[in-house]
Structure formats: structure tokens, C-alpha cells
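Working notes for the structure below.
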Amino acid sequence: MKVYDLIDHLKKCPPDFLQNSVGQGRGKLATQALIADIFRKVTGNYTTLAGEIPSTQDITKLSKKKEHLLAIHLACWLISYKGFEGRNISIRQLKHYFYKELATVSEYVRANKWLEEEDRVEEFVRLALQSTSIIPDGETAAEAADRFAALSTIKRHGVLVKSKSAYDRMMKIRKQMAEKKAREAANPYSRE
Amino acid sequence: MSKHTKIKAIHQQWRTDWTAAKKTWSNYIKLREPLWCFLTKDARLAGLTGSFAMIRLTDHRIVIDLEQIYHLELGDYGLQILAHEIGHHIYTPANLYDNALLLSRIRWVMAGMEDRAPMVANIYEDLLINDRLQRTKELDMISIFQQLNKETTFSKFWMLYMRTYEYLWRLKRGTLAIDKKFASPVIDADASLIASLIRSYAKNWLDGGGRFAAMLYPYLMEEEDYDKSRVSVRVLLDAEAAGKDAGVISGLTQIDLDGIAGAIDPRTEALQQEGKDLTGQEVMAITLGINLAGGNGPEQRYLNPGVYIDLQQQLNPNIDKQKLVNNYYKEVALPHLIEFPVEDKKPTGLTSMEGTEEWNVSDPVEQIDWLETAIYSPQIIPGYNTLRRIYTPDNDGEKEQAPLDIYIGVDCSGSMRNPVRNFSWPILAASIIGLSALRAGAKVMGCLSGEPGSYLETKGFSSSEEEVLTVLTSYLGTGYAFGINRLKKPFEQPLETKAHIVLVSDDDIFAMLNGRNLREPSDHWALIKTALEHAGGEGIIVLHSKEDWHPEEVQRLREMGWQLFYVTNEAELLTFAAAFAKEKYKQ
């Protein structure tokens, strides 16, 4: 699977997938059905998995975190790509991806950004690949991991938080310099 | 092949590439072929100061240093490099005004380090252009940087720059950011934010300038880091001096509110924004603490004049500072120009010849028109057949309306601010009155005086805007008041053409009238009375003072015919300048 093909597929995600709805009413997106379909399609198991499909109560709990729920919708769309079939992806991997990885990253990125920003689109794709232990075509494991790390919002957030105190000090100096300059300019007794 | 032959070959190839480079952007671009400099010393004369190419927005030219191209082994990349330079003319900065505006926005963020701003602006423009050429126009810009990396001395800044391109173009780590000793998660984080910024602001690039400057700020803050950064990017700085020799760029006196709103640190924005909408408070917290209430002038909308001058001088180091000061106050004054008061005047039109009539013996001999007389009769008999010319005025109106001239005297003593460093309301008021008068066709005599000490005045009543503004916007800072002696020279005799007198001062003028601390005190009261009489127009003294101070002196002035206006703060001088015509002169 090529990353660019997945990016292209993800960007074609229908806008319905960004609906915040868990009901099964007419015209509404049925999250439970989506997840069930994806689990069955990817694992190739269409008969069992009853215990693996999230219940209505589970979905209702999920719906309290809107960005996570929408990210799951997008993941369902992404994973529906034919390249994910026959890859021996386990239910454990899918559940970890859906309920842990996406839950964490949704704290940092709004759902619409996954489709709008170039780097976020690629990050979402690579997160799915990493969670399902798939190495994209044309890359080694190390290259794929490095690329994902370079795009990771969580990692970037950690770096920015660590360096924040240094930046705050710098901005304080900057502000002092600006204020000093303004005071010098305003001094009515300064001469040429 | 000799070096010279190879350079000639590069020249031939690049001339061929020129048309294709233009077509990369559009089939309709009309730009002159670049100035090809075969030697670096010729390129220096043309304005290049280290880079292998440059643009000039003044004459829409591109200058190429072919010798340096040869040394850097960039001869195979003519299409890309020329397309890049064209991008500066077509895309960013594209024109002198946008160039100035971008620099101004970057300077807001780089407060205290404004000297770095042209380099930051250049790098920002390069990122925008190169990204468009690589991703949209499908030119191979990667190879150019790979070639440059062979010679470039890496620095943190250059590492950030290369890593940004790796993010923009989805390149494997190490494709361009080759020096691993500079690799760090901080640079990765910053590069990813810059890449996102470049993509987001590709269309409205002016709005991203402040953010970009905030990203680069930590890399340029220390002098050593800045010096190393310059060494790395020196060959690429093709637009730093794009606005040189452009003259004064209009429209930059007002505070750029959009620019200030965009002065945001994307790092802080990313930390605060992730996963939620920002409130107004949070947006304010992200901006870099620029004091929006620090504006000058009417409605506090204008830059400090010193800041304005610094910006213009950074754009064009050769510009005359006095022109900038004149332009600053002119631009601030322009929205407030008033309809100048006019008075009836007898016309002084030219006379033209209408015909001839008989010359009588009692008329002056020099009035005889000998030619007409000889034509009339070859036998000339004085008083009988001698003729003289008749002249009549070409204007048959009995009277016409014309504005009176005006004398503007401004107190420039020690308590007054230097109008170059601090906004000066008295100078603004004087500029409004002076420019209004000139616009109406009147002449103006300006006088700055701070006495005992010095003074500066125009050479009489002048029609030259430059001369008048140059005097009014100068600075003396001497003495304690406007020197009444200054009224002696222009109003020694009654004027042929009437004039108003406007004096702007504070209540130290009364001490001057009473002759305090003067080496040779003269009768200033008589002088000021005579001046008003000889001027023939209205006399107004605008005082930054209180009405109930010096009541006797005030009464004495009023009895002479002087009118006094009081302002309690300098901003009211603007109101006075507008009221000057309306209250006293409008029919």
C-alpha cells in the first residue's frame, strides 16, 4: 500500500462521516454498524465477533467525546480501503487503534483537521498503518517510523511543552526590548 | 573549456531558459530579460551583495551573477532559478508597497532586532515561491538545494530551513537536512509548524509574515546565531534590497492593525489550540504583547514618526531623511486639509495690445509706435499723424477671490518635542494649515523659533511644499519661546499682498513679549502690533495654556486685534486647525 493512495482515499471521505450521531435514525450515521462492518471486513470474519462489536451503551459513552467519535468514523472510512483486507489485522489491533490511539490523538487534533491539513492527513494514515503493523510500500520500517514521528502531533506537543519555558523567557526579553525601544522613542527630551 | 567559455555557455543556456521560466508562471508575463553579469565585480556594481541573483522592484529587473553561478555549479538550474526570481516579481513581494508592508509586519515581531527583518522577509518569500514551483509548477527545486548543500556551512537556521522543505515536499529525513549534528526534535517541531504556515498562507502571504517571524525569532536572537545564519543563506538573499532607491513609499504612516493581529507565535497557538476553539482572551494571550493603544496622532492611528522613518530607511537606505519626515506629517495631515479662506482681491492680469490711437504732443515721446506711424504715413509729422499703441487688461473682472498668504510661526523651544522622534501636534496643525493654504494657491512663510537661541524660516513667502514642510518639521529645542523678533523681517513694511499670521506657542510667549532674559530687549509689544497691521489679514495666537492666565497681556493683544485660541492639550490643535477657516472666514 502506498501512503499517497491512502491519503487520496482519506481525502475523499464523505462529509457524512463527520456527523456527530450515534443513532440509527433515517439519514443518520450508525457508528455501531460502521465499526461492526469494518471489524468484520478487515478480519474476514463475518459470523462471530459478537462480543467485540461495541454495544449501544459503549457508543453512547464514546459520543461524549465528540472528536474521538468523529475520528473513529474517519478511521472506519480509511480502513475500508481494499488494501487493508487480507493483512491479518487482529481485532486486538483494531480495538487498540480505535479506542486508545484515536482517543489520545483526538485530544490534540480536531476531526476536521484530519482532512484539511496536509500533515494531519498523512499523520492519520500513518497512525492507522502503524497501529495495524503495516509498512507502506517503498519504505523501510525505520523510515516509516521516523516519518510518523516527524508528523506526530503528540510528539510535537511534548516538544513544544518542554521548550515552552525557554520560549517564555525569550518572549519576556523580547517584550522588554520592545518596551525599552518605545520608552526611548517617547522620551520628549531626547535629542538628535 | 576555460572558465570564461563555461560562463558564456551558461549565459546562452539561461537566455534560452528565460522564456520557459516566464511561461512557468504565465504566458502573459512581460518582464525584461535579466541583467547578465559575467563577473562578480560587475554584479556588485549592479547591486548584488553576496547572492547569485537579485531583484529590483524599482525597475522590475533581475540581476544574475553568472560567475557565482559557475562557482556554485548551478548552471544546470537556469529554469528553476529564473522562475524563482520571476516569482518575486509576480507572486511575492511583487510590488514596493507589499514589500514594505511585509517588512513592517515582520518588524513588529522582531522588536529590538529589526535589522534581521529583511533577511526574514526574504526567506519567507523564498519558501512561498519554492513551494509553489516544486509542488504546483513541478520544477525540481530539490536538486538546487542538494547542490547548494555541498558548499553551505550548516547552522541551526539552515537546518531548520532544509527540514522545512523536507516537511513541505514530504522528503525523507536527510534528503536536504543532511548535517545530523543539528538535528533535534525542536527543529522538527518548528519545521512542521513553518511548513503548515507556508501552505496555509500561500494565497494571503502577507497575513503569515508575522507568524513566520515569530517562528524564526529564537534562531536569530543571539548575535552569534544570526551571524552564522547569514553565512548559510547569504547566497540566497535575492530580495533583501528589492526596494532600494524606490523613494518614499506612501501609505505606511498608519498602524497596520491586521499586521498586529497576525503577530502570533504559532508554537503557542498550537499548544493552546489543539483540540478546541480559542476564546478571544486566548487569542489575545497568544499575540506578542504589542501595545495597540500606543498609536500616535489623530485617533491614535499612526506610527511613531521614528518607527516610520526606520522602516522607510530599512527599505531604502539611500533615502533622504528629511523627505521622510515631510511625507509623514503630510500623510497624517492630508485627511484633515481644510478649505482655505479666500478674500476679494483686485485682479492683476496681463495687458494686451488692442490697437493704435493718435499720439499727441503732450504724450511721452517713448509712447510713439514708430512702425505703425510709418505704415500709416511715410511723412511723419509729430502730433498730426504719429500713433501710439493702446493696451487693455485681459481680465475684465472687477475683482476675484484668492486666498491670502499665511505666516505660520511655531514655538520650537526646549519644552517642545522633536517631531522626528515623537509625534508633534503643533507641527501637525501647522502642516494642515500650510498645506491647505498651498493647495488653495496661497503662499506660506514658515518659521520655527526657540529663543533666545535659534530659528529656522523659509525664504519669504513660498509656494514650495517641500520648503515649507522642511522648515515646519525641523527641530531646534532652544530658548523658551517663539521669538517675536522673527516678525520684524517679513512685516517691516506693509505687505503688497495681505497675509494672515498664525502663531503656535504656550504662555511663555508673554515672557517673550515682556522681553525676559533677552540680551537686547526690544519693544516686542510694538513689534507684534506693527506686524499685524502690516500683514493686513487676521492674526491668531494659539496657546497651549489656560484662559485665565496673564489676563492683562491677553487683553492688550486683543485690543491690537489679535485673536487668541486656547488648547488644554495638544490634540486640540487639530480641532483648531479645522476651525480656523470655518469659524472666522467662511462666508
Options B:E73, B:E85, B:E138; residue that is outside the structural domain of B:R199 (by TED's automatic domain parsing), not β-branched (V, I, T) and not in a helix (DSSP H, G or I) = B:E73
B:D76 fails exactly one of (1) closer than 24 Å to B:R32 by Cα; (2) within 14 Å of chain A (Cβ to nearest Cβ), namely (2)
Does B:V109 meet the test of being crowded, with 24+ Cβ neighbours inside 10 Å, within 14 Å of chain A (Cβ to nearest Cβ) and touching a helix residue (DSSP H, G or I) at 6+ places or on another chain (Cβ under 9 Å)?
-> yes
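Would a scan of the range B:152-175 turn up a residue that is within 28 Å of the chain's Cα centre (by Cα), surrounded by fewer than 16 Cβ atoms within 10 Å (Cβ to Cβ) and touching a residue at least 12 places away in the same chain (Cβ under 8 Å)?
no
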Find all pairs meeting these conditions: Cβ atoms under 8 angstrom apart; at least six residues apart or on different chains; first residue within the range B:185-208 and over 16 Å from B:Y165 (Cβ atoms) and away from chain A (no Cβ under 11 Å); second residue outside any helix (DSSP H, G or I) and among the small types (G, A, S).
-> B:D207/B:G262; B:G208/B:G262
Just wondering, is there one or more residues in the range A:101-113 that are more than 14 Å from the chain's Cα centre (by Cα), in contact (Cβ under 8 Å) with a residue 24 or more places away in the chain and more than 14 Å from every other protein chain (Cβ to nearest Cβ)?
-> no
Filter the range B:455-494 for residues that are under 22 Å from B:A531 (Cβ atoms), modelled with pLDDT of 90 or more and among the aliphatic types (A, V, I, L, M) and give the result.
-> B:L456, B:V468, B:V471, B:L472, B:I484, B:L487
Scan the range A:114-143 for residues that are within 14 Å of chain B (Cβ to nearest Cβ) and on the phi > 0 side of the Ramachandran plot and report the count.
-> 1
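Residue-by-condition table, conditions (1) at pLDDT below 80; (2) within 14 Å of chain A (Cβ to nearest Cβ); (3) assigned to a loop (DSSP other than H, G, I, E, B):
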{"residue": "B:A242", "(1), (2), (3)": "no, no, yes"}
{"residue": "B:G247", "(1), (2), (3)": "no, no, yes"}
{"residue": "B:I260", "(1), (2), (3)": "no, yes, no"}
{"residue": "B:Q312", "(1), (2), (3)": "no, no, no"}
{"residue": "B:P317", "(1), (2), (3)": "no, no, yes"}
{"residue": "B:N326", "(1), (2), (3)": "no, no, no"}
Return only the number of the condition from (1) surrounded by 16 or more Cβ atoms within 10 Å (Cβ to Cβ); (2) assigned to a loop (DSSP other than H, G, I, E, B); (3) hydroxyl-bearing (S, T, Y); (4) out of contact with any Gly (no Cβ under 6 Å at 6 or more places or on another chain) that A:S133 does not satisfy.
-> (1)
Does B:Y455 count as buried (at least 20 other Cβ atoms within 10 Å of the Cβ) and either under 29 Å from the mean Cα position of the chain (by Cα) or not polar (S, T, N, Q) (or both)?
-> no
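The values are calculated or read from the model by the stated rules, or taken from the named source; none is laboratory data. Being a predicted model, the structure only gives us computed values, none of them experimental. For neighbour counting, all protein chains shown are included, and Cβ atoms are generated from backbone atoms with ideal geometry for every residue, glycine included.
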